[in-house]
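Here's the structure we're looking at; comments come further down.
The values are calculated or read from the model by the stated rules, or taken from the named source; none is laboratory data. Note that the structure is a prediction, hence the values are computed from the model and not measured. Cβ sites come from the backbone with ideal geometry, for glycine too, and all protein chains shown count toward neighbours.
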Amino acid sequence: MAKKDVFTIDGEVVQIIGRELLDWYNRNRRDLPWRKDQDPYKIWVSEIMLQQTRVDTVIPYFQRFIEQFPTLDDLAEAPEEQVIKAWEGLGYYSRVKNLHAAVKEVSAHYGSRVPDDLETISKLKGIGPYTAGAVLSIAYNKKAAAVDGNVMRVFSRLFVLTDDIALASTRKKMEHIALQLIPEDAPGDFNQALMELGALICTPSSPQCLFCPLQSVCNAYAEGIEEELPRKKKAKPPKRMDMVMLWLTQDERALVEKRPDEGLLAGMWGLPTIHLAEAKDSLDEARRYCDKNGLDVTNVTIVGKFEHIFSHQHWKVTVLRGDVKRADDSTSSALTWMSAQQIKDKPFSNVYRKALQLFI
């Protein structure tokens, strides 16, 4: 017995959505650099950059990245630190590390050609269902669902779906809906049109329903509940973390720290950093850190404070400086002396760049 469809769309509605949405997209599509051609590599890079990042922010990064690594093989052959430096400022650095690893695999095992089938491309590091669907549909004109937050918002309103969009089961349901709607002859344009509609018209707040090409078939608009959808369980607020960063100098060089290979900002460069336990004093903890690492430090003072929010952590940072008179052999191997110019040349995440602005 055939499995019953979770959600079935009327054939006439499917035709209206396809016709009206593609017509609107052809007239209103933004001129974005990754839309200049159908190069699978460039589309892949753009989709990874666009995860959790605004289009306007991505454009200059994408242009610089492609200028530096114009082909997949150029990226595959580049040293990791150079690649991370090119990504510096975009955040979520695991994205670029996974991209670099996956590109190396494509170069080594797939003749430098991005796989064009769902099973193979999905095995590459960092490629989930959305990225796979986007690359396959846009670069190879394959009928594949590419369901991101924009698309889930559009579908939630079009069909008055009250499912929590944070759930994996809801994404599966949305992918099923997408496959019913995607036309065989224009899968890439249709997927991009859905994303464009969500970005420009069917926005999270104050959707521009009067200008929407799908207004005539939108159930949420008909019921006047478009601003109540989509439904999403409220995420927990980021956990507060009191942190201390140290600018420790000797002979015009400063100590920098290579962060552990796992966890937040894994493998990135940073300043020596201390997580303050409750009610601990930043100066006392800094002295304890220096003693533990065999650093004889004088003139330790507070020079600034700032905040930085990650997806799950809210850092409240106190920045201290101090002069290193002597460093003995017990200094951690993760610590390295660098000049100001060397520090500028290394990849540092934005949270450390904020601290470094106080000194260089």
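Table for the structure above
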read-out: The lone exception for residue 353 - which of (1) at pLDDT below 90; (2) assigned to a helix (DSSP H, G or I) it fails; value: (1)
read-out: 3 or more residues assigned by TED's automatic domain parsing to the domain that holds residue 348 and either modelled with pLDDT under 95 or touching a strand residue (DSSP E or B) at 6+ places or on another chain (Cβ under 6 Å) (or both): qualifying helices (runs of 4 or more DSSP H) within segment 17-116; value: none
read-out: Any hit, segment 275-284, residues being of a type outside the set (D, E, K, R), over 22 Å from the mean Cα position of the chain (by Cα) and modelled with pLDDT of 95 or more; value: no
read-out: Boolean, residue 248 is surrounded by fewer than 19 Cβ atoms within 10 Å (Cβ to Cβ) and of a type in the set (A, V, I, L, M, F, W, C); value: no
read-out: Condition check for residue 215: on the phi < 0 side of the Ramachandran plot, in contact with a Phe, Trp or Tyr (Cβ under 6 Å, 6 or more places away or on another chain) and of a type in the set (S, T, N, Q); value: yes
read-out: Subset of segment 168-202 [in a loop (DSSP other than H, G, I, E, B) and without any contact (Cβ under 8 Å) to a residue 40 or more places away in the chain]; value: 185, 201
read-out: The listed residue being surrounded by 14 or more Cβ atoms within 10 Å (Cβ to Cβ), within 20 Å of the chain's Cα centre (by Cα) and closer than 21 Å to residue 198 by Cα, out of 96, 55, 103, 83; value: 55
read-out: Filter result (at pLDDT below 90, touching a helix residue (DSSP H, G or I) at 6+ places or on another chain (Cβ under 8 Å) and either under 17 Å from residue 355 (Cα atoms) or surrounded by fewer than 17 Cβ atoms within 10 Å (Cβ to Cβ) (or both)) within segment 251-274; value: 265, 266, 268
read-out: Filter result for the condition that a residue is surrounded by 23 or more Cβ atoms within 10 Å (Cβ to Cβ) and either out of contact with any helix residue (DSSP H, G or I) (no Cβ under 6 Å at 6 or more places or on another chain) or not assigned by TED's automatic domain parsing to the domain that holds residue 41 (or both), over 167, 136; value: 136
read-out: Residue count for segment 58-69, restricted to those that are in contact with a helix residue (DSSP H, G or I) (Cβ under 9 Å, 6 or more places away or on another chain) and either exposed (fewer than 14 other Cβ atoms within 10 Å of the Cβ) or acidic (Asp, Glu) (or both); value: 2
read-out: Residue in segment 193-203 that is at pLDDT 95 or above and either outside the structural domain of residue 15 (by TED's automatic domain parsing) or more than 26 Å from the chain's Cα centre (by Cα) (or both) present; value: no
read-out: So residue 308, is it under 30 Å from residue 154 (Cβ atoms) and either touching a His at 6+ places or on another chain (Cβ under 6 Å) or not assigned by TED's automatic domain parsing to the domain that holds residue 82 (or both); value: no
